[in-house]
Amino acid sequence: MIYEHRTYTCEPGARDKLRDRFDRHAKHLFRRHNIRVIAFYENLQHETGEFVYICEFENEEAMERSWENFSSDPEWIECKRITQQDGPLIREIDSKVLVASEFFPFRYE
């Protein structure tokens, strides 16, 4: 398994719109395209808003295929168009691909 750590930095004033887009639209599209979100966080100390989430994939090929399919999904394209009519919601996206270390347990017991 691999894990992708994604951080979305919001444009000023876009935090609530982006939160709504994740909640009302992205969640079911993630499931449709085998993007398994195992944790989702909001940075409450960030000035304009920051969302951080971790996805689990079988391997890098599966991750790339899932994101390509998600990005080209007509429902996603229309959702993005509608939700960005007043301007972009995201200032920056940071993505890191991670693997669990052998020396530290993945889950506490």
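The values are calculated or read from the model by the stated rules, or taken from the named source; none is laboratory data. Please read these numbers as outputs of a predicted model, since none were measured by experiment. With ideal geometry, Cβ positions are generated from the backbone for all residues, glycine too; neighbour counts draw on all protein chains shown.
Being without any contact (Cβ under 8 Å) to a residue 60 or more places away in the chain and either under 29 Å from residue 17 (Cα atoms) or assigned to a loop (DSSP other than H, G, I, E, B) (or both) is the requirement here; does residue 93 meet it?
Details: without any contact (Cβ under 8 Å) to a residue 60 or more places away in the chain: no; either under 29 Å from residue 17 (Cα atoms) or assigned to a loop (DSSP other than H, G, I, E, B) (or both): yes.
Spelling it out, it is not the case that residue 93 is without any contact (Cβ under 8 Å) to a residue 60 or more places away in the chain and either under 29 Å from residue 17 (Cα atoms) or assigned to a loop (DSSP other than H, G, I, E, B) (or both).
To keep it simple, each residue is scored yes or no on (1) on the phi < 0 side of the Ramachandran plot; (2) under 10 Å from the mean Cα position of the chain (by Cα); (3) among the polar types (S, T, N, Q).
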{"residue": "6", "(1), (2), (3)": "yes, yes, no"}
{"residue": "15", "(1), (2), (3)": "yes, no, no"}
{"residue": "21", "(1), (2), (3)": "yes, no, no"}
{"residue": "29", "(1), (2), (3)": "yes, no, no"}
{"residue": "34", "(1), (2), (3)": "no, no, yes"}
{"residue": "47", "(1), (2), (3)": "yes, no, no"}
{"residue": "52", "(1), (2), (3)": "yes, yes, no"}
Suppose we filter 30, 70, 57, 22 for residues that are among the aromatic types (Phe, Trp, Tyr) and in contact with a His (Cβ under 6 Å, 6 or more places away or on another chain); which single one remains? 70
For residues in the stretch 55-109 being among the small types (Gly, Ala, Ser) and within 14 Å of the chain's Cα centre (by Cα), which is farthest from residue 26 (Cα to Cα)? 95
Matching option when the condition is surrounded by fewer than 16 Cβ atoms within 10 Å (Cβ to Cβ) and modelled with pLDDT of 95 or more, among 32, 107: 32
Given the conditions (1) modelled with pLDDT under 95; (2) more than 14 Å from residue 4 (Cβ to Cβ), and given that residue 100 satisfies all but one, which numbered condition is not satisfied? (2)
Confirm whether residue 48 is in contact with a Pro (Cβ under 8 Å, 6 or more places away or on another chain) and in contact (Cβ under 8 Å) with a residue 40 or more places away in the chain. yes
Would you please name the residue that is nearest to residue 90 (Cα to Cα), looking only at residues in the stretch 29-59 that are in contact with a strand residue (DSSP E or B) (Cβ under 6 Å, 6 or more places away or on another chain) and charged (D, E, K, R)? 50
Exactly one of these conditions fails for residue 81: (1) exposed (fewer than 10 other Cβ atoms within 10 Å of the Cβ); (2) part of a loop (DSSP other than H, G, I, E, B). Give me its number. (2)
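Taking the conditions exactly as written (crowded, with 18+ Cβ neighbours inside 10 Å and of a type outside the set (Asp, Glu)), does residue 8 satisfy them or not? Break it down stepwise before answering.
Working: crowded, with 18+ Cβ neighbours inside 10 Å: yes; of a type outside the set (Asp, Glu): yes.
So residue 8 passes the test.
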In the stretch 43-55, residue modelled with the lowest pLDDT [restricted to those that are in contact with a Phe, Trp or Tyr (Cβ under 8 Å, 6 or more places away or on another chain) and surrounded by fewer than 17 Cβ atoms within 10 Å (Cβ to Cβ)]: 43
